[in-house]
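Read the structure below first, then the notes.
Please treat every number below as a calculation from the coordinates, not as lab data. The structure presented is a predicted model; accordingly, all values stated were derived computationally and were not measured. With ideal geometry, Cβ positions are generated from the backbone for all residues, glycine too; neighbour counts draw on all protein chains shown.
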Amino acid sequence: MSQNSFGRPGQIRPGLAVSTLFALSLFATLPPSVALAADPQPTRKDSSAFIKPKEVVLSASVDPAEAKAGDVVTYTVTAKVAPGWHIYQYKANPKGDPTRDTYFDFFDPAGLKPVGDWTAAKKPIRKAEPAFNNEILEFYENEAKWSLKLQIPPGTAPGPKILRSQAIFQICDASSCKPPARSTLPDVSLTVLAGVGGGTNASAAASAVSTPPAGSEEKGAADEAALTSEVAQKAQQGLLSFLLFSAGGGLLALVMPCVWPMIPITVNFFVKQGNKNKGKTTGLAIAYCLAIIGVFTSVGVLVSFFFSATALQNLANNPWLNTFVALLFLAFGLSLLGLFEVRLPNFLLNASAKGEGRGGMIGVMFMALTLTITSFTCTFPVVGGLIVMAANGEFFYPIVGLATFSSVLAFPFFLLALAPGLVSKMPKSGDWMNSVKVVGGLIEVGAALKFMNTAEIGFGAVPEDAWFDASLVLSAWVGIAAVCGLYLLGLFRTDHDHDEVKIGPGRLLIGSLFLALALFMAPALFGTPPKSRLWDLVVGILPADVGDLDRPAGAGGPVANEGKSKATSNDPATAEREEKSVHGVVWGMSYDAALEEAKASNKPILIDFTGVNCANCRTMEQTVLNRNEITGLLSEFVTVQLYTDYVPIGSLTKEQREALAEKNQLLQIDLTKEATNPFYVALTPDGRLIQAIGGYRTPAVFSEFLNGALTKNKDQDKAKVAQADPAH
């Protein structure tokens, strides 16, 4: 994802919750005939005319303007800057707040393959910059030129090609700077002539290390997934197919761990509302359900459109937001335990008798917004494709799809919201209500620890060095489960309990289950986690270093970690090549290194687009990728993991890790038109897309995906050999 004009990736202006009405009005007024965008679009929309500086003029050209298939041409961007102003050097993925360095989004290379990276025509000026506290910076005055070599793939049909790119830049003078801007360059026309070119240009292209945008080369059945996401393909099949697919995604989301922390906070909120309103919470429950649908849809569409397709994922991983959510859960948990009373500020409440009702509605909206933001850490497969469509300016299908998806997601929360009202009608409901509050409060304190881990990672820690790591969080959960069980079985009472607590069948059963859960999770603290489907679910909501808990007894873990290595270099390109993890097989972290190895070994590439804070990614790593039948297939690939939230390489700075994550985000969107984690992409050894699949998948489905990719790669190899040697 690229940075926005005035802030860091994923930041949101205040008041987005109010945008619900706007999104719902669009849903009601947009005609079904709104078509999917046909032309490629930049990752982010151009800046408004008010932001684009008038002191710089950008142009683009290609040399030669006519070439044959196999030839290499040079695409050049020229920036002419007004006297007194300067534009900054090129960097592949600049970081900073705000953006200073120049870079490019080559969003439509028309099937041509980039060879190497952008190069400047001359060395930049290097001097202290007054506008940035006299920091030594590199920039150009008067005129700057950057060039990128492009190879026309062999076999390209003759005819015109239109090359399109976007420049992202900032200009400054001696005392001030213009806001960072994004500007799509004028179209550049290249004519592909009949015949076969190449010669020295072709050999130069073959020897260069490049990272071509796979899927933008040869048009064929194997490349279809690179052109449209799975959800976009469903939209092209018709509205009914699209709606069923979106609803199915909502059902799948209900079993994913990302939404689980909202279960206790929902129950606890409506317990408190039931106490205040004597159990009459049906109206608030309906409002909560509608708020989830409205906020999920509007935030998903509007944030993606105004910022980028990965803005919500970045926002969900924002350290300050996660700190706030952790403190919120902690405050609600301690309040339910009776330590203090959480009240909304007076200015949010009406002084009349309707004040409590208004406070309840504000709480409902706030909880709906919290559910929306926290759930985007899952980047559900259906949602991932829809927000990419919204980021490209499409509205009808994203609004309909997100509304359908969130309706299915919201329904169980509607039932949860009604539950406290039903409990209040039970015999001795006061005792039951207090038990629900105590247990719910303890669970919320446990949930707060996971959000503290996410915040700690966001502030710069790598998973294995975090304070709130998997061992600490799991220890707390084991203790909380044991305390809940002992409490429900009547072994102790709180200050708010009745003088004599009677243990009925309900409390006896639930208390026993809590104790069983504590005993179930405890062995994992000693290196022997249980092997069951329930543990697979627990893995998904534990911190990212959960794999370190699985150590073979008496071995200290050398077998499980064979091939794992930690980077020592502080150079990002080198560190990516040094860092290796193990999930069934050894996974690298450098896409360039994977391309090199694939070409040398003639193996296909498997990319795992993953995330440190991705619950479904942990579940796949711990329950699917390490299975014997899967590791055998994975060994046939060159495997590489590309993190899209934070790259967990301890030898790099926080800014460097974020820069690498942003590069991986852009690569994923370029390859798949998806913003989903995990997302698995199979490529040929020369970087062409074979097929892709996203989200948590069962071992059987994932095995079928890997076998299919291997078969397609072999078929393409045979076709290539036959084309090169027609006699055979």
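Legend: residue pairs K45/K149; K68/K91; K127/K178, Cα-Cα distance threshold 23 Å; pairs beyond threshold, K45/K149; K68/K91. Computed about its Cα centre, the charge dipole of the range 623-728 is approximately 100 debye, with only Lys, Arg, Asp and Glu carrying charge at their Cβ.
Restricting the calculation to Cα atoms, every distinct pair contributes to the Kirkwood radius of the range 572-724, found to be 15.6 Å. Projecting label points 7 angstrom from Cα along Cα→Cβ for L327 and Q237 puts them 4.7 nm apart. Please state the shape class of the range 600-654: rounded when a/c is under 1.5, otherwise prolate if a/b exceeds b/c and oblate if not, all from the C-alpha gyration tensor. Judged from the Cα gyration tensor, the range 600-654 comes out oblate (a/c at least 1.5, b/c at or above a/b). DSSP beta bridges fully contained in the range 572-724 are about 65 percent antiparallel.
Length gain on complete extension for the stretch K718 to D63, per 0.36 nm per residue less the alpha carbon to alpha carbon distance? Could you put the intermediate results ahead of the total?
Numbers: separation 655, 0.36 × 655 = 235.80 nm, distance 3.51 nm.
Result: 232.3 nm gained on full extension.
Applying the Karplus relation 6.51 cos²θ - 1.76 cosθ + 1.60 with θ = phi - 60° to the range 152-164 yields 3J(HN,Hα) values of 7, x, x, x, 5, 5, x, x, x, 10, 10, 9, 9 Hz, where x marks Gly and Pro. Here r is the Cβ-Cβ distance between E464 and S601 and R0 is 30 Å; the resulting FRET efficiency, rounded to 0.05, is 0.50.
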